[in-house]
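Peer 1: Okay, here's the structure, questions in a sec.
The values are calculated or read from the model by the stated rules, or taken from the named source; none is laboratory data. Just so it is clear, the model here is predicted, and its values are computed rather than measured. As a convention, Cβ positions derive from the backbone with ideal geometry for all residues, glycine included, and neighbour counts pool all protein chains shown. Note: areas computed on protein heavy atoms with side chains; ligands, DNA, RNA excluded. Shrake-Rupley method; radii C 1.70, N 1.55, O 1.52, S 1.80 Å.
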Amino acid sequence: MNDKLALPVGTTLDRFIMRKQEDFPYATGELSQLLRDIALASKIVNREINRAGLLGITGAYGQQNVQGEEQQKLDVIANIRFIRALRNGGEVCTIISEEEDEIIQTGNTRGKYIVAMDPLDGSSNIDVNVSIGTIFSVYRRTSEAGSDGTEKDCLQSGTKQIAAGYIIYGSSTMMVYTTGNGVNGFTYEPSLGEFFLSHPDITTPKAGTIYSCNEGHVNSFSEGIRKYLRYCQDNNYSARYIGSLVADFHRNLLKGGIYIYPSTTKSPNGKLRLMYECNTLAFIIEQAGGKATDGCNRIMEMEPAELHQRCPLIIGSSEMVDKAVEFLREEAAAERTVGAATKEMLR
Ligand code: AHG
Ligand code: MN
Ligand code: MN
């Protein structure tokens, strides 16, 4: 038989999840089911995105979300699809979503898990055919099973994540996730309706030559960030900024690079959300060998106080993140010196 005539198609996401589960003899299969539910919803959302222009579901929905941002029709559709899949799956008791003001109870009071999600990231790019994504984190509830999950169950630090991932709807659709044992990427084969393992054991380069930041806001960045951006330019790094966090992150993860969404004078906590964006990507980048910080603190160790809390984000290749932090430390030290000198003068 000539094997070349019928090459194997590879490992499906389902089989991969099942094999991983076998590594944990006491695993009940609930997390595996949850990941499969997310993959299923993502296939449906992928279909809607691909047909969006024809179905008339591009454009604004006409309402703002809790964060005062204009909701797109696909934001709302993705939110419904993921919630429905998780509700029907039965493993999740409570969901928090960037698109919902309050926590969402699925009615599965025996469910062990909490999911935090950004159902559609980069939604301002929908109408112009640019890559967008879905971001999700899974936590174990801390309250007893048998009743609804609580806000406290949802407000856990990133270190408590038991799984995190994203789906990127790009030139091809991919799902990338970690359960704390490395990062794996799967590419969707639309004609078969399956995700296949295409990027096993992703590690991010220690350093790269890409920096991603919305430099249009440079005048409202701190001196330390401005100096670091100048350092990137002096070193001839390439500026790459799509404006879809998932897409910018995914490129930098594979090629090596740094993504920065810093605090600005108008938004001291930046724009990105700790629970729906920063924690998830921080878990993934750390599992791939990179780093994530808000400039002072490791993102994963931040204690969330509110569901929709924002935080500055510096994420990517470890040496690049270290360098950016160095500039921020110098700035803080310079400010302390000026502060001390002023105090001395006022004595
Ligand atoms: P979302 O579409 O989920 O609200 O997220 C948008 C985010 C993120 O995807 C992106 O990196 C960032 O907003 C872009 O913000 P700026 O336009 O301020 O650069
Ligand atoms: Mn987002
Ligand atoms: Mn979003």
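Peer 1: Taking into account only those residues within the stretch 71-96 that are of a type in the set (S, T, N, Q) and under 17 Å from Lys112 (Cα atoms), which is least open to solvent (accessible area, probe 1.4 Å)?
Peer 2: Among them, the one singled out is Thr94.
Peer 1: Which one is nearest to ligand 1 (Cβ to nearest atom), of the residues in the stretch 228-242 that are in contact with a strand residue (DSSP E or B) (Cβ under 7 Å, 6 or more places away or on another chain) and open to solvent by 70 Å² or more (accessible area, probe 1.4 Å)?
Peer 2: Tyr241
Peer 1: For Glu306, indicate whether it is open to solvent by 50 Å² or more (accessible area, probe 1.4 Å) and either closer than 21 Å to Pro119 by Cα or part of a helix (DSSP H, G or I) (or both).
Peer 2: Criteria met by Glu306.
Peer 1: If a residue must be more than 16 Å from ligand 3 (Cβ to nearest atom) and either open to solvent by 10 Å² or more (accessible area, probe 1.4 Å) or assigned to a strand (DSSP E or B) (or both), how many such residues does the stretch 106-127 contain?
Peer 2: Here the count works out to 8.
Peer 1: Just checking, does the stretch 243-254 include any residue being of a type in the set (Val, Ile, Thr), part of a strand (DSSP E or B), open to solvent by less than 10 Å² (accessible area, probe 1.4 Å) and within 16 Å of ligand 2 (Cβ to nearest atom)?
Peer 2: Among the residues of the stretch 243-254, not one is of a type in the set (Val, Ile, Thr), part of a strand (DSSP E or B), open to solvent by less than 10 Å² (accessible area, probe 1.4 Å) and within 16 Å of ligand 2 (Cβ to nearest atom), which makes the answer no.
Peer 1: Take Ile103 and tell me if it is surrounded by fewer than 21 Cβ atoms within 10 Å (Cβ to Cβ), within 23 Å of the chain's Cα centre (by Cα), away from ligand 3 (no atom under 16 Å from the Cβ) and of a type in the set (Val, Ile, Thr).
Peer 2: The answer is yes for Ile103.
Peer 1: Which members of the stretch 97-142 meet the condition of being of a type in the set (Val, Ile, Thr), more than 14 Å from ligand 1 (Cβ to nearest atom) and closer than 20 Å to Ser157 by Cα?
Peer 2: Answer for the stretch 97-142, where residues must be of a type in the set (Val, Ile, Thr), more than 14 Å from ligand 1 (Cβ to nearest atom) and closer than 20 Å to Ser157 by Cα: Ile103, Ile104, Ile114, Val115, Val138, Thr142.
Peer 1: For the stretch 309-322, what are the residues that are open to solvent by 30 Å² or more (accessible area, probe 1.4 Å) and out of contact with any Cys (no Cβ under 9 Å at 6 or more places or on another chain)?
Peer 2: Gln309, Glu319, Asp322
Each row is one residue, and each column tells you yes or no for (1) under 22 Å from Ser220 (Cβ atoms); (2) within 16 Å of ligand 1 (Cβ to nearest atom); (3) in contact with a Lys or Arg (Cβ under 8 Å, 6 or more places away or on another chain); (4) not aliphatic (A, V, I, L, M).
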site	(1), (2), (3), (4)
Leu281	no, yes, no, no
Pro312	yes, yes, no, yes
Ala324	yes, no, no, no
Thr342	no, no, no, yes
